[in-house]
Structures are given as structure tokens and as C-alpha cells.
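> Can you keep this structure in mind? I'll have questions shortly.
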């Protein structure tokens, strides 16, 4: 009887462990959450507090503060950029919940843009290296919570 009880406890423990492990989900890498677009855009802005020098299509800091205050999550949620070697362009990754936030960027035929998941990393890296010779994807990207 004791042998059967011990065996039953071991089996129950094993099945509980297996059930717990199978219920866990793998977390998504924060660099792959939401919709993302990568683009080479010119720098814009006057350099004033109201209009800082920044990559084209990046929201002003006041827009981010207003969105945080109202807790709305439309438009661009975040971005990161690297200045090109000539200082006139920026290599940017934009992040949004919905691809519609990128409508204006995607419609602009004067800039080169790539959709993450559609375009290959090699194609993006080739284009970015035209503007920044030592560009490296391992040090580039927005981590969204």
C-alpha cells in the first residue's frame, strides 16, 4: 500500500509539473511588439524648444505628453534613430499599435521605408549602410513595454 501511495504522489507531482510548464507562454521580444516601420528620413526642426531638431515624422515631445496625459494610444508610440554619417538624415524605427499611423510615411515617395515583417533585414541593412557605414542592428531598435 505504501508503495502505491508513494508512486501516486510521484505521478501527481510529475503531471502537475508538466501541466504548469505547458501552460507557460513564451514572451514576445519587446523589439518585435506592435507595428514597426524603418525609414531613412531627413532631419527637420528649427532647434527651438517648441520645434526641436529631429527626424521627419517623429512627434514633438508635446504630442507624447498629451497622449500620456489622455492615455490615448493612437499614432506613433515610440521611435529611435541614428544620425547618418552626413548629419542630414536619420535612420529611424517608428512603433505604433496600428499600421494606419504610418500612412503618411508610407505615402511619401521621397523617402525609403521598410515594414518590419515584410521587408528582409538584409535589405534594410543594405539601405541603412548607404547612410551610416558602420550601422549595426544589434544596437538598434525600440523596446516597448
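> So is residue 63 in contact with a strand residue (DSSP E or B) (Cβ under 9 Å, 6 or more places away or on another chain), at pLDDT 90 or above, part of a helix (DSSP H, G or I) and over 25 Å from residue 134 (Cβ atoms) or not?
no
> OK, next. Tell me yes or no: at least one residue of segment 77-85 is within 30 Å of residue 135 (Cβ to Cβ), within 26 Å of the chain's Cα centre (by Cα) and either at pLDDT below 90 or exposed (fewer than 10 other Cβ atoms within 10 Å of the Cβ) (or both).
yes
> Counting only residues that are more than 17 Å from the chain's Cα centre (by Cα), crowded, with 16+ Cβ neighbours inside 10 Å and either free of Cβ contacts under 8 Å to residues at least 12 places away in the same chain or assigned to a helix (DSSP H, G or I) (or both), how many does segment 93-136 have?
Here the count works out to 2.
> Given the conditions (1) under 16 Å from the mean Cα position of the chain (by Cα); (2) touching a residue at least 12 places away in the same chain (Cβ under 8 Å); (3) loosely packed, with under 15 Cβ neighbours inside 10 Å, which single one is not true for residue 139?
(2)
> For segment 27-42: of the residues being surrounded by fewer than 16 Cβ atoms within 10 Å (Cβ to Cβ) and modelled with pLDDT of 70 or more, which is farthest from the chain's Cα centre (by Cα)?
42
The values are calculated or read from the model by the stated rules, or taken from the named source; none is laboratory data. Keep in mind that what you see is a predicted model, and the values were worked out from it rather than measured. Neighbour counts are summed over all protein chains in view; Cβ atoms, including those assigned to glycine, are modelled from backbone coordinates with ideal geometry.
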